[in-house]
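Colleague: What follows is a structure written as structure tokens; I'll ask about it next.
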Amino acid sequence: MTTQQHTQASEARAADSGAQASSRFKDRISANRNEQPIDHERVDLLATKAITALTDIIEEEQVSYDEYNALKAWLIKVGEDGEWPLFLDVWLEHAVEEVATSHRDGSKGTIEGPYYVEDAPEHQWNGEMPMRDDEPGTPFQFKSKVTAVDGTPLSGAKLEMWHADEYGLYSQFAPGIPEWNLRATFLANEDGEFDISTIRPAPYQIPTEGACGQLIAAAGWHAWRPAHIHVKVSAPGYELLTAQLYFPGDEHNDDDIASAVKPELMLDPQPAEDGEGEQVQYDFVLDPER
Ligand code: DHB
Ligand code: FE
């Protein structure tokens, strides 16, 4: 494949990713549907505040009918393109995550994003991320120890890991990638440790050809997220930690479109002691369930 052909192919596949994220999210919500009664006061408060914030902007910025109709057309297209998960996870989730975890003393987390899949197959503590025989990318050895805030090693810890491939594509969202490629659940050893072989993911561009891409182009923004490894770390009796880990020197660490980078989430990769590629140690501290 030429570079141009490759770029075209990965753009076409990235376009599918947005729509896939919508149908996946709907499946997950209906599977976990809890029949909670509607809290009418809370809906009234939040919906009124949201509408007021928007009408304030309309007045302050003297929004025209042309602009209002452009917004309407764009909102319709976000739905048609299946890009609501993308839009919400890129521009709003970071604030929700901050609210949800502000009480914690343990490790910092960040957004889940639209590409998590539950129940990835289990591997032992020192396993390898499933990958294709010819999976391109720099070999990356990820070592970790999970403790509680009081320092107790958590032998019952589970580490779910998922990340994009060398082209910035996620299995089960971009077509043509084996189902569980670069997705796995690892079970800690008796000291709460992990030693996982994977490859370094590439920086990721949110799909540019749908409604979200249209907004980004129209506003003159860029569509990049820095390269990152997603994790969910859990142990019975402890709060679930959802995080992403980043690589120093990535040009988008300071202007992540999803505002999901935090200094505490920066890895410190070193040349691998044995073999090629890089290795890193990054430990997690979990808060007890409240
Ligand atoms: C998006 C993609 C990601 O990989 C991520 O971590 C967060 C958001 C997105 O395309 O919306
Ligand atoms: Fe991601």
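The values are calculated or read from the model by the stated rules, or taken from the named source; none is laboratory data. Given the structure is predicted, the values throughout are model-derived calculations rather than measurements. Ideal geometry is used to build each Cβ from the backbone, glycine not excepted, and the neighbour counts take in all protein chains shown.
Colleague: Given the conditions (1) at pLDDT 95 or above; (2) surrounded by fewer than 18 Cβ atoms within 10 Å (Cβ to Cβ), which single one is not true for H252?
Modeller: For H252, the failing item is (2).
Colleague: Follow-up. Does S259 count as part of a loop (DSSP other than H, G, I, E, B), away from ligand 1 (no atom under 11 Å from the Cβ) and within 14 Å of the chain's Cα centre (by Cα)?
Modeller: no
Colleague: Another one. Do the conditions hold for V78, that is, is it in a helix (DSSP H, G or I), away from ligand 1 (no atom under 16 Å from the Cβ), over 19 Å from F194 (Cβ atoms) and within 20 Å of the chain's Cα centre (by Cα)?
Modeller: So V78 fails the test.
Colleague: Take the residues of the range 127-159 that are touching a residue at least 60 places away in the same chain (Cβ under 8 Å) and polar (S, T, N, Q): which is farthest from E273 (Cα to Cα)?
Modeller: Going through the qualifying residues, I end up with T147.
Colleague: Let me ask something additional. Quick check on the range 92-121: of everything there that is under 11 Å from the mean Cα position of the chain (by Cα) and part of a helix (DSSP H, G or I), which residue is farthest from L265 (Cα to Cα)?
Modeller: For the range 92-121, the residue satisfying everything is E93.
Colleague: Another question, then. Is it fair to say G168 is away from ligand 2 (no atom under 16 Å from the Cβ), among the small types (G, A, S) and modelled with pLDDT under 95?
Modeller: no
Colleague: Being out of contact with any His (no Cβ under 8 Å at 6 or more places or on another chain) and surrounded by fewer than 19 Cβ atoms within 10 Å (Cβ to Cβ) is the requirement here; does P236 meet it?
Modeller: yes
Colleague: Okay, next question. Select from the range 112-141 the residues that are within 16 Å of ligand 2 (Cβ to nearest atom) and either of a type outside the set (D, E, K, R) or at pLDDT below 95 (or both) and list them in ascending order.
Modeller: Passing the criteria: G113, P114, Y115, Y116, V117, A120, M129, G137, F140.
Colleague: I need the full set of residues from the range 179-228 which are near ligand 1 (Cβ under 10 Å from one of its atoms), closer than 24 Å to F284 by Cα and not in a loop (DSSP other than H, G, I, E, B), in order please.
Modeller: R225, H228
Colleague: While we're looking at this one, here's another question. Mind counting the residues in the range 236-249 that are touching a Ser or Thr at 6+ places or on another chain (Cβ under 8 Å) and either within 16 Å of ligand 1 (Cβ to nearest atom) or at pLDDT below 95 (or both)?
Modeller: Looking only at that region, the number is 4.
Colleague: Would you pick out the residues in the range 207-236 that are within 16 Å of ligand 2 (Cβ to nearest atom), of a type in the set (A, V, I, L, M, F, W, C) and out of contact with any Lys or Arg (no Cβ under 8 Å at 6 or more places or on another chain)?
Modeller: Matches in the range 207-236: C212, A223, W224, I229, V231.
Yes/no matrix, rows are residues, columns are (1) among the aromatic types (F, W, Y); (2) on the phi < 0 side of the Ramachandran plot; (3) surrounded by 12 or more Cβ atoms within 10 Å (Cβ to Cβ); (4) touching a Leu at 6+ places or on another chain (Cβ under 7 Å):
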residue	(1), (2), (3), (4)
E59	no, yes, no, no
D89	no, yes, yes, no
V99	no, yes, no, no
R104	no, yes, yes, no
G113	no, no, yes, no
D133	no, yes, no, no
